[in-house]
Each structure stands twice: as structure tokens, then as C-alpha cells.
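What follows draws every value from the coordinates through simple rules; no lab data is involved. Not measured: the values here are computed from a predicted model. Here Cβ is always computed from backbone atoms with ideal geometry, including for glycine, and neighbour counts include all displayed protein chains.
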Amino acid sequence: MKNRTGFLLAIMMFFEYFIWGAWYVTMGTYMGEHLHASGFQIGAAYSALAIATMISPFFVGLIADRFFAAQRIMGVLHLVGGALLFLATKIENNDAFYWIILAYSLLYMPTIALSNNVAFTQMNNPGKQFPWIRVFGTLGWIVAGLFIGKLGIEKTSSTFYMAAAVSAGLGLFSFVLPHTPPKAASDNVTASKALGVEAFVLFRNRPYLIFFIAAILVCIPLSFYYGFANPFLNEIGFSNAAGKMTLGQVSEAVFILAIPFLFNRIGVKKMILLGMTAWILRYLCFAYGNIDTGTWMLYAGIILHGVCYDFFFVTGYMYTEKKAGEKIKNAAQGLFTFATYGLGMFIGTGFSGYIVDQHKNGELHNWQQIWFVPAYIAMGVLLYFILFFKEKKEA
């Protein structure tokens, strides 16, 4: 891969995730401040991305990959998406806001797969080259949070304006990316293949089935963090919450380096157990943390994101690929994404919004009781995994 190509791909990844980090983290806070949204309404808005995650494989697999150059359709999607993000700031009704966010999510989520497609097509050694390109996406998310914190705009519509402007810029930039032609229409891609149905054969393996169910269930506590961590930190007076929450992405980037080393040494079960234990500790830190004597607990809850995410989801993707083998690995990864960031997050966003509403007193929330709920769920999933996951150790 040429240096110029690598440079273009790095810019693409940086802004692809800058956009996501710019509006997604603080959307719950914005909805509470400007739309006076309930917890359920905030959860519903976050569920839009989960719905889009379930639908986007059909769009990418059946339409985008077969009939259009990836970089061109990505450009169009980001241009239209930027217009929708701008429109979202003009909406004062929660129902209308939900539909705008859903429409935007349906445009944005396919660009994740398309950007990966553009990157992989240009690489002659994806195993070594892709991680160095993808890390710029994490940097983009971090920089977006730092910008929001530095400018003090996390409670304002300016986060959406920033995301809209960058989306429009990336839309135009996409047209100068290396050409990634459509795949042959004769590839015989069907709806079942796009969904990853052929990977259902993995469910015959009991350990993987146990893990797969745990992965869906653990998305429920994950939804609490994504949807309500920023509103929680703002409500209790934690200054520059959006900027400080980027420490979670920093820890994610750090801990991911340890995964290849630990995966083969301590085994998948211990890796996942460490991740699940981190989920429990994170929510207990949030439950007992405060801005007086317990500030360190708030920081700990944020920084534990790296262990929570990497040791469960990144390890899960590696475990899925190992179980699937070369023939169905793409289908298996697609199915895992559909089940977790699609189905699991859809369940979790609705449930978390309901719990937040149940513990609201006037304009304030009983956050300790709220955070106990995902902690208990994580404990239940941990116990389930310990009791039922029995993986034979390979020589």
C-alpha cells in the first residue's frame, strides 16, 4: 500500500468516527436539556442505531457492494447524513427527533462497513496494515470529545452542527478516496448471506452458544453506559464530562494491545470473565462515586471502559473467528454484530430508558439505584457464564 493511500485512509477513518463521537455521546444530555425528554425517549433515540445495525448488512450486501463504488456511495450517504444532523437541531418534538435520528442512523451505519471495504481493498497485508489505519478512528472519537469539552458545548446543539459539518466534509472527501469498484452481481449474495445465517452452524457448539447468549445479555448494561453516562455526569456536576469520557477510548486503545498476548495464554473464558467483572466494578463506581470525596470512582468507571469493551467484545470477535474458520468467518462476524450491537442494544436501550424513568424524582434522578441495575445484570451474566461455559482447552 502506497504512503499516499495510507494517508487518505487514515483521514477517512479519523473523520468517520469523529462524526459518531461528536453527537452520540452527548445526545442524551442534549435531549434532556432541550427536548425535556424522558429516559424512555432517550433510550428510544439510542435504539435507532441498533435498528440501523440490524438493517445495514442488507443494504451493504444486497445493494451497495453489488452496484456502486464503495467510496462514492459513502460520499452520498455522508452528505445526506450531514443535512439530517443539521435538521435535528431544528426539531423541538421528541417523536420527530427520533425519526430524524433513525433516518440518519440508517445512512450512517452502512458507512462503517463501506469504509472498512475501501480500506481492505487497498491493502496488500490487511492483518498488519488495518489496525494502524483503524486506530485513527479511535483518535477521531477522542478528539471529538476533547473538542466538545474544550468548547463547553456538550449541552448545546453545537455538537450536532459540528458533526454535520464534518459529515459534509467527509462526504466530499470520499470522492477522492481510492476507487473501490462494486463486487460482481454474480456473487449471488442473498438476504440470508447478508445476515450471516450460514453461521448458525456455530450454535451446534455448546460453548459458543453459551457465549453468544451472554454477548446479547451483556449489551443491556452496555446500553446504560452509552445512553446515560453523560447525562449522569452532567447532572451531578462533573465538569467537562464529554472531554473526560474520552479517557474510556484511551483505555480502549491501550488495553487492546494486551489482547493478542493474553488470548492464547489465559484463554477465552478468563478473558471474558475479566471483562464481565469490569462491568460490575464500573457500575458500582458510578453508584458510589460523587464529585466530592468519590471523584476517583467516577474516573475509574470511565477508564474501565477499555477492559469492559476490549476483554468482552474484541475478545468475542476473535473467539468467533477462531470458531468459525476461514469459510464462514465473515458471516459469523456479521451475525455477532447483528446480535450484539443490533438485537442486544435494541433490548438494552429500551430497558435502560425505562429504568431511568422509574428512578426520577422531579428534575433529578436517583442515580445510585439506576446504576445498581446494570451492575446486578452484569453479575447475573457473570454467574451464568461461570456455570455453563465449559470450553475444552486445546493443545
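Sequence-ordered 3J(HN,Hα) estimates for the range 243-254 from the Karplus curve with 6.51, -1.76 and 1.60 and θ = phi - 60° stand at x, 6, 5, 5, 4, x, 6, 4, 5, 4, 5, 6 Hz, glycine and proline given as x.
Could you list log10 I(q)/I(0) for the range 213-267 at q = 0.29 Å⁻¹, which the Debye formula gives when each Cα is one point scatterer? Debye curve over Cα of the range 213-267, log10 I(q)/I(0) at q = 0.29 Å⁻¹: -1.05.
Between LEU383 and ALA165, what FRET efficiency comes out of the Förster formula 1/(1 + (r/R0)^6) with R0 = 45 Å and r the beta carbon distance, rounded to 0.05? Don't skip to the answer; put the middle values down first.
Numbers: r = 47 Å, r/R0 = 1.04.
Using R0 = 45 Å, I get an efficiency of 0.45.
Once the mean of 1/r is taken over each pair of separate Cα atoms and inverted, the chain shows a Kirkwood hydrodynamic radius of 21.5 Å.
Based on Cα coordinates alone, diagonalise the gyration tensor for the range 32-152, multiply each eigenvalue by 5, take square roots, and list the semi-axes in whole Å, largest first.
29, 19, 13
In debye, nearest 20: dipole of the chain around its Cα centre with unit charges on the Cβ of K, R (+) and D, E (-)?
Working: 26 positive and 18 negative charges, 281 e Å.
Using only the charged Cβ atoms, the result is roughly 1360 debye.
My understanding is that a pair violates if its Cα-Cα distance is over 25 Å; which of LYS90/LYS360; LYS270/LYS323; LYS269/LYS322; LYS2/LYS329 do that in this structure? In this structure, LYS90/LYS360; LYS2/LYS329 lie more than 25 Å apart at Cα. Write down Rg/Rh for the range 22-94, rounded to two decimals, with Rg from the C-alpha atoms and Rh from the Kirkwood relation over Cα pairs. Dividing the radius of gyration by the Kirkwood radius yields 1.06.
Can you give the Kirkwood hydrodynamic radius of the range 290-391 from its Cα pairs, in Å with one decimal? Write down the numbers at each step before the final one.
Numbers: mean 1/r = 0.0608 Å⁻¹.
Hydrodynamic radius (Kirkwood, Cα pairs) of the range 290-391 is 16.4 Å.
Compute the relative contact order of the chain as a whole-number percentage, counting only Cα pairs closer than 8 Å that sit 6 or more residues apart in sequence. Reported relative contact order: 27 percent.
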